[in-house]
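Okay, so here's the structure we're looking at.
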Amino acid sequence: MECGKTFALSGGLRSHQRTHTGEEPHKCMECGKTFALSGGLRSHQRTHTGEKPHKCMECGKTFALSGGLRSHQRTHTGEEQHKCMECGKRFSQITNIRRHERTHTGEKPHKCMECGKSFSQSGALRSHERTHTGEKPHKCMEC
């Protein structure tokens, strides 16, 4: 016994013990990625199938993961549960607060593999990369 946590069912204990052992017996036949829990594998397989069973009743948008739906629903409710510890600004999406926090830290995790320049946001990196590729994806619909 490593942590003293108890479970009503033996299967719950076996699944929990994998957090200590690192065992990942559930393997994706598509890409080989492994998971400790069968539910993790089922959720992952949706990246291959495109299945999105979780639907927002407000706008109809669908999601592969229930957590994605819960996070999305905050855009309708206005709930802002993520608070920046530096300035107190609040955000409804975890990705938005992480992006915001980089304004305080100066972190630039998105690096151009061509020239080494770094960016705080992935979209800025994608735009920059076009200077190397010459890609011009925005076409005037009038011409």
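The values are calculated or read from the model by the stated rules, or taken from the named source; none is laboratory data. Source: prediction; values computed, not measured. Virtual Cβ from ideal backbone geometry, glycine too; neighbours counted across all protein chains shown. Calculation scope for accessible area: heavy atoms of the full protein, side chains included, ligands and nucleic acids excluded. Shrake-Rupley method; radii C 1.70, N 1.55, O 1.52, S 1.80 Å.
Between S118 and T133, the distance separating the two model label sites (each 7 Å from Cα on the Cα→Cβ line) works out to 2.3 nm. With the simple spin-label model, which puts each label point 7 Å out from Cα in the Cβ direction, the H20 to K55 separation comes to 4.4 nm. Note that region 114-126 has calculated 3J(HN,Hα) couplings of 7, 10, x, 5, 10, 9, 7, 10, 5, x, 5, 5, 4 Hz, one per residue in order, obtained from phi through the Karplus relation 6.51 cos²θ - 1.76 cosθ + 1.60 (θ = phi - 60°); glycine and proline are x. For the set K111/K139; K83/K108; K27/K55; K83/K111; K52/K108; K33/K111, the pairs lying more than 29 angstrom apart at their alpha carbons are K52/K108.
Listed values for region 99-112 are Karplus-derived 3J(HN,Hα) couplings in whole Hz (6.51 cos²θ - 1.76 cosθ + 1.60, θ = phi - 60°), namely 4, 4, 4, 5, 5, 8, 8, x, 4, 10, x, 9, 10, 6, and x replaces Gly and Pro.
For the chain, the per residue solvent-accessible surface stands at 77 Å², with DNA, RNA and ligands left out and a 1.4 Å probe. Counting protein heavy atoms only, region 1-133 has 48 percent of its accessible area on carbon and sulfur, 1.4 angstrom probe.
Would you mind computing the Rg to Rh ratio of region 38-143 from its alpha-carbon coordinates, Kirkwood style for Rh?
1.06
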